[in-house]
Amino acid sequence: MDHKAFLSRIPQPQMARLTLRSDIAGLRHFMAHIGLILCLGTLIALQVPGWWLLLPVQGIALIFLFTLEHEATHKTPFANELLNETVGRLCGILIILPFAWFRYFHLAHHSYTNLPGKDPELAEPKPTTWTAWVWHVSGIPVWRAQIKQLASNALGRDQAHYVPPRAIPRIQSEAQGMIVVYALVAVSLLVTPLLFWVWLLPLVLGQPFLRLYLLAEHGRCPEVANMFDNTRTTFTNRIVRFLAWNMPYHVEHHVAPNIPFHQLPEFHKLTKAHLNETEDGYAKFTAKWMSDL
């Protein structure tokens, strides 16, 4: 059974319950995630004993705001659409990933998941050698690509096929506003290095963990249209599921992207008999990938 046939068999009332968005569930999760970042940032700023050990932990908490920004592109973390847009843009600023542009990129990924020549996520090949793997996991390529994209957006030069012409002014305005924010951050560093220690350096240290996480979503899955084949669900612990906003249930998310994060564990109960690509943890997936290099 492919994912379309599977969805057609779910009763409409049941799907209506599964797709119900919630401000309460979204805000509870958001406040816990942001609260973690603020607590870690405060401990780093106060330079408590062993504070430097908290830098990569802070980085992981920060960089996994990607999964919230990703969720916001679908307008599902909250019932309130203004809240979705605001939080999505905030995450985009914090991880240097312009939200308005990323929505079009990501929706194109959903339309052509893992299909070569169509899925924009496949524009850069997955690593097949040790050198390529280290380079990919370092995060340097993605930082370079995101900064280049931000500059291109600010100049109104994005020519990607998935960006409609009507959206370019909005994308350009967002990018220009982000650059102003980063310019103010640069000025602040002349006065105090605080943002370097609680935000910028941790972000760089956290990026490799996100790269490893994202490789598992579609890496080495068949290049076909069926979401049960081209996407992987990874079984993991509560901490990872919390930081990733339940996106380890990734087949479930691709089968029905309008189901909000807090309903994915329930939806998994329906899909689990049909999952063709799964893995027991990110460490195991990474070990398998590395053993084949």
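The values are calculated or read from the model by the stated rules, or taken from the named source; none is laboratory data. Not measured: the values here are computed from a predicted model. Using ideal geometry, Cβ is built from the backbone for each residue, glycine included, and neighbour counts are taken over all protein chains shown. Calculation scope for accessible area: heavy atoms of the full protein, side chains included, ligands and nucleic acids excluded. Shrake-Rupley method; radii C 1.70, N 1.55, O 1.52, S 1.80 Å.
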Practice task
Output the residue which, of all residues in the range 67-124 that are part of a loop (DSSP other than H, G, I, E, B) and polar (S, T, N, Q), is most open to solvent (accessible area, probe 1.4 Å).
Solution key: 80
Exercise for the section: Mind listing whichever residues of the range 236-254 are assigned to a helix (DSSP H, G or I) and farther than 20 Å from residue 226 by Cβ? Expected result: 238, 239, 240, 241, 242, 243
Fill in the blank from the handout: Restricting the range 125-145 to residues that are hydroxyl-bearing (Ser, Thr, Tyr) and in a loop (DSSP other than H, G, I, E, B), the one surrounded by the most Cβ atoms within 10 Å (Cβ to Cβ) turns out to be 128
Practice task
Would you check if residue 235 is hydrophobic (A, V, I, L, M, F, W, C), touching a strand residue (DSSP E or B) at 6+ places or on another chain (Cβ under 7 Å), under 20 Å from residue 64 (Cβ atoms) and surrounded by fewer than 18 Cβ atoms within 10 Å (Cβ to Cβ)?
Solution key: yes
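Yes/no per residue for (1) aliphatic (A, V, I, L, M); (2) open to solvent by 10 Å² or more (accessible area, probe 1.4 Å); (3) touching a strand residue (DSSP E or B) at 6+ places or on another chain (Cβ under 9 Å):
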site	(1), (2), (3)
217	no, yes, yes
223	no, yes, no
226	no, yes, no
231	no, no, no
239	yes, yes, no
250	no, no, yes
255	yes, no, no
260	no, no, no
Exercise for the section: Would you mind stating whether residue 192 is of a type in the set (S, T, N, Q) and touching a Leu at 6+ places or on another chain (Cβ under 7 Å)? Expected result: no
Practice task
Report yes if some residue within the range 153-160 is among the acidic types (Asp, Glu), in contact with a helix residue (DSSP H, G or I) (Cβ under 7 Å, 6 or more places away or on another chain), part of a helix (DSSP H, G or I) and touching a residue at least 12 places away in the same chain (Cβ under 8 Å); otherwise report no.
Solution key: no
Problem - Yes/no for residue 163 being within 16 Å of residue 98 (Cα to Cα), in contact (Cβ under 8 Å) with a residue 24 or more places away in the chain and buried (at least 16 other Cβ atoms within 10 Å of the Cβ) - result: yes
Fill in the blank from the handout: Selection over the range 182-207 where residues are open to solvent by less than 50 Å² (accessible area, probe 1.4 Å) and either in contact with a Pro (Cβ under 8 Å, 6 or more places away or on another chain) or β-branched (Val, Ile, Thr) (or both) yields a count of 4
